[in-house]
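To start, the structure itself, in structure tokens.
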Amino acid sequence: MPLTVRFAAPVDNRFAAQRSLRITSPNTPDGEFTWLSDSVMQWTPTGFWPAHSPISVGAGDFMTEFRTGASVVSVADIDAYTFTVSIDDEVVREMPASMGKAKFPTPQGTFRVLGKESVVVMDSRTIGIPLDDPEGYKLTVYDAVRITWGGVYVHGAPWSTGSQGYANVSHGCINLSPDNADWYFNTVGMGDPVIVQA
């Protein structure tokens, strides 16, 4: 999960502002700076924050603290059709899943949970597919966990339970059964990593 610093006024010397960021933790990961505007600086770790740890952050005269929870890491295996969740390095649930079909592959890499929405209407027109196209759809989905701003979610998909664990049939999202999606929605937290691999 990134750290975001909002300054009271536009920053003239970005290098000095970046140098003013102080992070204290048992094992601070490396990170990278980006500027979202002239007054909003973001530092994104390239590794994971240490679990169960106090973190203190300072920028200029401002200080704050937070504490991380358990390490909750999810791995979507495209070729094995599984979605596995580990908590503090122990596998707690391996679920059958269905990822993106060949024409609409699920992106690979390490993502983070960006948001959780109990109900989402997914409309194929938002990705350029008309509703009257054979690939068109407009669906109400439940227990949707967003992992990309482009619209990739981990969510409940009762229509694909027959394929979950056997075939990849989605338009890029990670499909789980309603029960598994509900469990995941209530287990995962903001910023928790989701690793998608083949």
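Quick notes
- Annotation: Thr106 fulfils all but one of (1) under 23 Å from Trp183 (Cβ atoms); (2) open to solvent by 20 Å² or more (accessible area, probe 1.4 Å); (3) not aliphatic (A, V, I, L, M); the unmet one is (2).
- Test: residue in region 107-119 that is more than 25 Å from Pro2 (Cβ to Cβ) and within 20 Å of the chain's Cα centre (by Cα): yes
- Candidate set: region 63-78, residues that are touching a residue at least 40 places away in the same chain (Cβ under 8 Å) and part of a strand (DSSP E or B); chosen: the one farthest from Lys103 (Cα to Cα): Val72
- Here Phe62, Phe48 are screened, and the one residue that is open to solvent by 90 Å² or more (accessible area, probe 1.4 Å), within 30 Å of Gly165 (Cβ to Cβ) and modelled with pLDDT under 95 is Phe48.
- Pairs with Cβ under 7 Å, 6+ apart, first in region 148-167 and at positive phi, second surrounded by fewer than 15 Cβ atoms within 10 Å (Cβ to Cβ): Gly151/Thr126; Gly151/Ile127
Table: residues versus (1) open to solvent by less than 30 Å² (accessible area, probe 1.4 Å); (2) modelled with pLDDT under 95.
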| residue | (1), (2) |
| --- | --- |
| Gly150 | no, yes |
| Val154 | yes, no |
| Ala157 | yes, no |
| Gly165 | yes, no |
| Asn168 | no, no |
| Ser177 | yes, no |
| Tyr184 | yes, no |
| Thr187 | no, no |
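- Only one of Ser39, Ser56, Ser20 that is open to solvent by less than 40 Å² (accessible area, probe 1.4 Å) and touching an Asp or Glu at 6+ places or on another chain (Cβ under 7 Å): Ser56
The values are calculated or read from the model by the stated rules, or taken from the named source; none is laboratory data. As the structure is a computational prediction, the values presented were derived from the model and not from experiment. Note that we place each Cβ from the backbone using ideal geometry, even for glycine, and neighbour counts take in every protein chain shown. SASA here: full protein model, heavy atoms, side chains in, ligands and nucleic acids out. Shrake-Rupley method; radii C 1.70, N 1.55, O 1.52, S 1.80 Å.
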